[in-house]
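Structure first, commentary second.
The values are calculated or read from the model by the stated rules, or taken from the named source; none is laboratory data. Just so we're clear, the structure is a prediction, and the values are computed from it rather than from any experiment. Neighbour counts are summed over all protein chains in view; Cβ atoms, including those assigned to glycine, are modelled from backbone coordinates with ideal geometry.
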Number of protein chains: 2
Amino acid sequence: MYSSEINDFLNKGGISVGDKVKIESDDVNIEGEIMPKTEVGNPDTLVIKLENGYNVGIAYSSELRISLLNKRKGKIEFPKAKIRPNKDLPSVELIYTGGTIGSKVDYKTGGVYMLTKPEELLYEVPEVSEIANISISNLFNIASEDMSFHEWQKIAEQAAKSLNKGARGAIVTIGTDTMHYASAALSFMLKNLNAPVVLTGAQRSSDRGSSDAFFNLKAAAKIAASSDIAEVGICMHSSSSDDRCHFIRGTHVRKMHTSRRDAFRPINNRPIAFVDQKLNITYKDDYAKIEARPKEKVEAMTRFESKVALVGIYPNSDPAILDFHVSRGCKGIILEGTGLGHAPVSTIHDELNWLNSIKAAVDAGVVVGMTSQCIYGRVNPNVYRNLRILSTSGVVYCEDMTPETAYVKLGWLLGNYNAERAKDMLNKDIRGEITKRIEFDENFLV
Amino acid sequence: MYSSEINDFLNKGGISVGDKVKIESDDVNIEGEIMPKTEVGNPDTLVIKLENGYNVGIAYSSELRISLLNKRKGKIEFPKAKIRPNKDLPSVELIYTGGTIGSKVDYKTGGVYMLTKPEELLYEVPEVSEIANISISNLFNIASEDMSFHEWQKIAEQAAKSLNKGARGAIVTIGTDTMHYASAALSFMLKNLNAPVVLTGAQRSSDRGSSDAFFNLKAAAKIAASSDIAEVGICMHSSSSDDRCHFIRGTHVRKMHTSRRDAFRPINNRPIAFVDQKLNITYKDDYAKIEARPKEKVEAMTRFESKVALVGIYPNSDPAILDFHVSRGCKGIILEGTGLGHAPVSTIHDELNWLNSIKAAVDAGVVVGMTSQCIYGRVNPNVYRNLRILSTSGVVYCEDMTPETAYVKLGWLLGNYNAERAKDMLNKDIRGEITKRIEFDENFLV
């Protein structure tokens, strides 16, 4: 129920839930339908559904003026307090793991907290129940920064189990901050994948007017229920307005902004598909159809070597950091080099020369991979003399993988293969994570 | 001199240096003027100046066909083997430090090596001598990845010295991989700056047809010689075609691609100015004119604390890395947190909880700052409960600074102020490195 102030405000204007209204103040001027209050919403926030289907929340104040535009005809569709199963629709598993999409603001403290029931997520997006027959796996309720490979393993197991039991696709709702690490991990962990596994989340919690949760979830459900995609990817807003989501391959994606709704960007790749507000899917030209995909059962290869590290190289950086990681038993290290994949290897400043520490790590049997802190582009050991020195020291140049993808891949490889095999596979394409050399203009900021 | 094959090729067609020609093969179809061969060029590469003033190098092969379009009238302007001083032009100091712009390909090994004489840089860009009266400070010949604060100190000293002696501006030619660290360092080190200090370089060496060296250098010279700018910044290509350079504030810029000519992008900022092919400068709307700048002498505050570290936080990252840095005597640490500035602080996986290590570092007197690995956007300690825990532990949230700028700033602060003062200044704006909160759409991928 809305607060008594909002109820009074509506009653005085002869307005009921479902009516189309205009609301004005010095700051506000919008038209839309009054939405019913739901379990997860703030009673002091009036929720209005705009023409484009998007909900905005307006904090009630006595400054607001309301006028009736159209009385609603017929019965009001209240959000469902339960998910209504519909076996005629494709079955989709929603794997719930926490994150902002499963959080709400506690108006007492102003902080964002987690929902207690994942079902609440669907109450405000009844359209999802018209897209797919959703079942929910409530795995855990964990914040993005606390996600580790332990959680990725459980998600992969659940996804494989659900798909092997006949689910048409899977949605994973998850925190955004480390979503691209998780999407890379699931890409490697799920072998013979023959269905879409769609990670989604929200940059702004679902009780905010500007929340991206609803559209992201609808688009993810559409991809999971009916797309030709058979791989792991991230489905989030592709622009800062609410008009389009994109589905990006799980190994070629990165969170590139702290707060924007379109924070997730493809890196050295193009989105595989776009989903518009009407939930039409368009694919990139050359995307292969699902019929060509493996017919075997999905296999969850979830082993992961925890002793891996991602190490930045920057001016004045201390090469002893490598010795530290080796001393901690590290089995694999991904370096974030400068430019094309550089580390200082000259004797200009002896204490800053990384060569001996890199060689010592390689000699100790550690698999060392090189990526670029530029993020976009490709490392290349053949351009500069210093790079040739590095590549002959046993460092594996990781082509156009992001540091994050290379890190996750190396942990996965070392969990499943011996060091020699892992080293050999690190710069070979396994799950679409390494792309062929393409035009310069193509692989940047698409 | 060109190779005898190229000389024969030209002679047979009755073609001399300076003539306008058409050159064709299965791969090539271009029109332009035959350029003379210079000291730094490869004798087997025919250099053609295109209509837009851009030089392309064509590897000679017997497949090439050449036809004369126009015989050159008048005297040929050979590139100058010496810089011709012109005291009527603004005096600009070119501070030479190495990098790709000062490198060429050794065609025996295929590797890129450094030039021996910085003057060679200007031989192929005679236009620079028509923009400014250039004097060269040949500081060193060092690759980007080997640059440390020692070099930044010398560059800052030279820039202050030259400007205080009356130079209208300074150009710093420097390697691109760590150029944005250097531009941040010079921004902080140069106090009372009243003139442009323009860092430039090349993504592709100057003997390559696709080199960006020439236009970057001309644009940088124009900014240094005649702009209203009085700060440190980077002047490089702003698009992948050769039509425009931009000048970006030195504290708000990052190399975002390994190889593209437009790799340098403003982060949470807009370029201060653009320079087109005709060397016209346009400023962003609200840019203050140079007249308002300090009249004092430029002061080089070059002290720098070498014991600072930039530490990435990622799923499964080992918090003991902080203890390691503290044990090495580290005085300042910048964390690259996830999203809005997170580190794992829950007890879900005790061995992955960073809170105790962060607190121990703060308690040991280390200044700890938080940035975001998203790169774009702003950290914000007030959104999530976990972030509030972190901010009360003494971590300084670094607003919209990139991790790289925050790292350089902290080293500079700790070199010049005590820890308490440094901590206080870390998230206060000193050199334009912290911007006010702006619209979401404004601070992304401009």
request  = Working only within the stretch A:348-359, note down all residues that are under 16 Å from B:GLU145 (Cβ atoms) and more than 11 Å from every other protein chain (Cβ to nearest Cβ).
outcome  = A:ASP350, A:LEU355, A:ASN356, A:SER357, A:ILE358
request  = Can you tell me which residue among B:ILE95, B:ILE101, B:ILE66 is outside any loop (DSSP other than H, G, I, E, B), modelled with pLDDT of 80 or more, surrounded by 12 or more Cβ atoms within 10 Å (Cβ to Cβ) and in contact with a Phe, Trp or Tyr (Cβ under 7 Å, 6 or more places away or on another chain)?
outcome  = B:ILE66
request  = Residues being without any contact (Cβ under 8 Å) to a residue 40 or more places away in the chain and under 19 Å from B:MET401 (Cβ atoms): count how many of those fall in the stretch B:310-323.
outcome  = 1
inquiry  = So if I check each of B:MET179, B:MET147, B:MET189, which one is within 18 Å of B:GLU404 (Cβ to Cβ) and away from every other protein chain (no Cβ under 12 Å)?
reply    = B:MET189
Any pair with Cβ under 7 angstrom, 6 or more apart, that starts in the stretch A:324-347 at a residue that is more than 9 Å from chain B (Cβ to nearest Cβ) and surrounded by fewer than 23 Cβ atoms within 10 Å (Cβ to Cβ) and ends at one that is of a type outside the set (Ser, Thr, Tyr) and part of a loop (DSSP other than H, G, I, E, B) = A:VAL326/A:ALA364; A:VAL326/A:VAL366; A:GLY329/A:LYS307; A:LYS331/A:GLU305; A:LYS331/A:LYS307; A:LYS331/A:VAL366; A:THR347/A:ASN353
message = Here's a check for you: in the stretch A:254-277, which residue that is at pLDDT 95 or above and farther than 19 Å from A:ALA182 by Cβ is surrounded by the most Cβ atoms within 10 Å (Cβ to Cβ)?
response = A:VAL275
query = Any idea how many residues of the stretch A:416-434 are over 14 Å from A:VAL396 (Cα atoms) and in contact (Cβ under 8 Å) with a residue 12 or more places away in the chain?
reply = 5
remark   = Filter the stretch B:104-131 for residues that are touching a Phe, Trp or Tyr at 6+ places or on another chain (Cβ under 6 Å) and modelled with pLDDT of 70 or more; the one that is farthest from the other protein chains (Cβ to nearest Cβ) is B:VAL125
query = When only residues in the stretch B:69-92 that are modelled with pLDDT under 70 and under 22 Å from B:LEU10 (Cβ atoms) count, which is surrounded by the most Cβ atoms within 10 Å (Cβ to Cβ)?
reply = B:PRO79
key: The lone exception for A:ALA167 - which of (1) more than 13 Å from A:ALA224 (Cβ to Cβ); (2) at pLDDT 95 or above it fails   = (1)
query = Is there a residue in the stretch B:132-140 that is crowded, with 24+ Cβ neighbours inside 10 Å, within 14 Å of another protein chain (Cβ to nearest Cβ) and either under 21 Å from B:SER306 (Cβ atoms) or free of Cβ contacts under 8 Å to residues at least 12 places away in the same chain (or both)?
reply = no
inquiry  = Looking at the stretch A:263-284 only, could you name the residues that are within 23 Å of A:GLY377 (Cβ to Cβ) and either part of a strand (DSSP E or B) or within 10 Å of the chain's Cα centre (by Cα) (or both)?
reply    = A:ALA263, A:PHE264, A:ARG265, A:PRO266
query = Looking at B:ILE174, B:ILE229, B:ILE234, which is the one that is within 14 Å of chain A (Cβ to nearest Cβ), touching a helix residue (DSSP H, G or I) at 6+ places or on another chain (Cβ under 9 Å), in contact (Cβ under 8 Å) with a residue 12 or more places away in the chain and buried (at least 24 other Cβ atoms within 10 Å of the Cβ)?
reply = B:ILE174
Answer from B:VAL366, B:VAL395, B:VAL362 - the residue that is more than 11 Å from chain A (Cβ to nearest Cβ), of a type in the set (A, V, I, L, M, F, W, C), over 29 Å from B:LEU190 (Cα atoms) and touching a Gly at 6+ places or on another chain (Cβ under 8 Å) = B:VAL362
query = Any idea which of (1) within 25 Å of the chain's Cα centre (by Cα); (2) not assigned by TED's automatic domain parsing to the domain that holds A:ASN268 is the one A:ALA360 doesn't satisfy?
reply = (1)
query = Would it be correct to say that A:ASP285 is under 18 Å from B:SER148 (Cα atoms) and either out of contact with any helix residue (DSSP H, G or I) (no Cβ under 9 Å at 6 or more places or on another chain) or buried (at least 20 other Cβ atoms within 10 Å of the Cβ) (or both)?
reply = no
